[in-house]
Amino acid sequence: MIYKESAAPWWKRGVIYQIYPRSFQDSDGDGIGDLAGIESRLDHLSLLGVDAIWLSPVFPSPMADFGYDVADYCDIEPLFGDLEDFDRLLAAIHQRGMKLLLDYVPNHSSDRHPWFVESRSSRDSPKRDWYIWRDPAPNGGPPNNWISDFGGSSWEWDEPTRQYYLHAFLKEQPDLNWRNPDLRAAMMDVLRFWLDRGVDGFRIDVLWHIVKAADLPDNPVNPDWRKGQTERDRLIQLHSTDQPEAHAISADFRALADQYGSGPDSQRVLIGEIFLPNERHAHWYGTPERPQVHLPFNFQLIESRWDPVELRRVIAEYEASLPAFAWPNWVLGSHDAPRIAARIGEAQARVAAMLLLTLRGTPTIYQGDEIGIGQVDIPADRIRDPQDLRQPGIGIGRDRARTPMPWNAAPFAGFSTTEPWLPLNPDWPSRNVALQAEDRGSILSLYRDLLKLRRSSGALTLGAFLLADADKDILAYERRQDDERLLIVLNFGTRERVLIVPADARIDSVLASTLPLRDMDGRVLPNEGLIIRLRDAV
Ligand code: TEU
């Protein structure tokens, strides 16, 4: 179906905000966030101006991987509340005109999921084949050389039934067997369960992992692996990820989602978590006849060097790799990656915010980045991330991006009435939502202003994207729709530069700056990003 641009679907126009539920707001004083806490903080998201919330997993879980080990796909973890709390939260989000996306974790369940308990109970169990069980190799060792993403073999020996089971992540996260039709049907029912309840879509965890090559061959050795890299990177995940059969399943997910809404405001959206080079990444859009996910997450702002020439190349190559019908997207932070402000400092984190919110495509904001949370050093005795605990000392800890939201100057930053499960950012007394909301110069005010501008501008939400030149300090591009023409100029450097306006245009007005807004004087200040309205030169 072709929509007029004004009727583009919400997920193209909108901005997504990721909530990490353990760390957003605690309502019952156990130091861990929960659903009622999220509901009590929805004002923050309305005032920020986001369109959709994606919740990291809130399902019953032993929390070996903090919710990415699901023990029941169709219920709510008691730490977070119950289904009634969920329905109330969903209604409150909808009442504010926002959408809610859940995190669907199809590659693996928890080892406490009743399906796995049954599967491991005997080789003859009707659910044996819902997971991936194999005999040992002839030498008695694991069936192949695959390495878990969290280090060590991907295989765990089960003495009672004398076979190994596969786990791409922790041994507490056995991989589901998507080649089994009953498992597949059961997992499709999970999607129906939440769609029937009214959720607006899903972020799909490690979608490119869900099917493995049928005969499970060894993965090739990565010749470029160096000490200090993760164990996972010793091998190239050729046979354990990105299999053709997974694309067919992804198309089935989409066909189901499409049954639930076709209008621009009722479409249910699917976002795939996929780490792959552009060309393979683009396949996850599917084709116009048989589409797959709406948005395969694009993590290149997280993975690229913070350098304008490099980013220009990354943006151009990503745009060029997209199929004609595909809609781009950009992600700046997540619960898995180091904080953007820790990486590049607050002055550049402001420039990054302007980049994220002015590129072509749907942006995803990670909770806490809107107040510029930076480096949080986690003392050794408070590290909780299993990936960090299993491979210490190589700087891959994820706790530093998962620290609680600091809301105000109350004890524990208003997050909880007790010591939170992870430490707060040490500067919380001066870096919190309440203080920044009052401060016109704060990064929070910048985020609010940029989101408001984006919402009011056809060029920024849906317009064409034209890259201008980049040099060692400056990245510049235009967004255009009809006669609206915006120039975005981002100074990555600490030198003042002369503003260069395209030869066929003149400056109409300055709409935003990452620094205090001033009249245009032909300069781009150090660390400044600008959005400028252009007029065609006559
Ligand atoms: O992450 C998948 C993934 O690719 C991670 O292994 C990522 O590379 C790593 O965390 C970066 O440090 C997803 C979830 O986002 C993550 O939180 C889960 O732990 C993982 O899947 C398993 O479900």
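The values are calculated or read from the model by the stated rules, or taken from the named source; none is laboratory data. All figures in this text were calculated on a predicted structure; none of them were measured in a lab. Here the Cβ is made from the backbone with ideal geometry for all residues, glycine too, and neighbour counts use every protein chain on show. Surface accessibility is based on the protein's heavy atoms, side chains included, excluding ligands, DNA and RNA. Shrake-Rupley method; radii C 1.70, N 1.55, O 1.52, S 1.80 Å.
Here is how the numbers come out for the structure above:
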{"read-out": "Nearest 10 degrees, 0 to 90: helix 83-95 Cα axis against the chain principal axis", "value": "20 degrees"}
{"read-out": "Cα convex hull of region 464-536, projected area averaged across orientations, nm²", "value": "4.5 nm²"}
{"read-out": "Geometric extent, Cα atoms of region 187-345 - Rg, Dmax (angstrom)", "value": "17.4, 51"}
{"read-out": "Dipole of region 1-77, positive end: most advanced residue of 66, 19, 8 [Cβ charges, Cα centre]", "value": "8"}
{"read-out": "Nearest 10 degrees, 0 to 90: helix 340-358 Cα axis against the chain principal axis", "value": "70 degrees"}
{"read-out": "Total charge dipole magnitude, region 64-159, about the Cα centre, Cβ charges on Lys, Arg, Asp, Glu only, Debye to nearest 20", "value": "300 debye"}
{"read-out": "Around residue 292: net Lys/Arg minus Asp/Glu count, Cβ-Cβ under 10 Å", "value": "+1"}
{"read-out": "Low-density loop positions, trypsin sites (Lys or Arg not before Pro), region 106-139 - DSSP coil, at most 11 other Cβ in 10 Å", "value": "none"}
{"read-out": "At 1.567 mPa s and 4 °C, Stokes diffusion of the chain via Kirkwood alpha-carbon radius, µm² per second", "value": "53 µm²/s"}
{"read-out": "Approximate spin-label separation residue 278-residue 248, in nm, with each point projected 7 Å along Cα-to-Cβ", "value": "3.0 nm"}
{"read-out": "Rounded to whole Å, sorted largest first: equivalent-ellipsoid semi-axes of region 189-232, Cα gyration tensor", "value": "36, 16, 6"}
{"read-out": "Stretch gain in nm, segment residue 92-residue 192, where the contour uses 0.36 nm per residue and the Cα spacing is subtracted", "value": "33.9 nm"}
{"read-out": "Net dipole in debye of region 114-166 [+1 Lys, Arg Cβ; -1 Asp, Glu Cβ; about Cα centre; nearest 20]", "value": "100 debye"}
{"read-out": "Helix 181-197 axis, angle to the chain major axis (alpha carbon atoms, nearest 10°)", "value": "40 degrees"}
{"read-out": "Loop-resident sites, region 149-229, for trypsin sites (Lys or Arg not before Pro), counting at most 10 other Cβ within 10 Å (DSSP)", "value": "162, 226"}
{"read-out": "Rg/Rg_ref, region 238-300, where Rg_ref = 2.2 N^0.38 Å and atoms are Cα", "value": "1.14"}
{"read-out": "Computed magnitude of the charge dipole of the chain (debye, nearest 20; Cβ of K, R +1, Cβ of D, E -1)", "value": "1200 debye"}
{"read-out": "Probe 1.4 Å, all protein chains present, accessible-area order of 187, 63, largest first", "value": "63, 187"}
{"read-out": "Among 125, 428, 380 the positive-end extreme of the charge dipole of the chain (Cβ point charges)", "value": "428"}
{"read-out": "Cα-Cα P(r), region 94-186, percent of pairs per 5 Å interval", "value": "3, 13, 22, 23, 16, 9, 4, 4, 3, 2, 1, 0, 0"}
{"read-out": "Projected label distance in nm at residue 382 and residue 230, using a 7 Å step from Cα toward the beta-carbon", "value": "2.4 nm"}
{"read-out": "The chain: calculated mean residue ellipticity at 222 nm from DSSP helix runs of at least 4, using -39500 (n - 2.57)", "value": "-7500 deg cm²/dmol"}
{"read-out": "Given the chain, longest segment not containing exposed loop GluC sites (Glu not before Pro) (DSSP; at most 15 other Cβ within 10 Å)", "value": "1-288"}
{"read-out": "Shape call, region 114-166: gyration tensor on alpha carbons, a/c limit 1.5", "value": "oblate"}
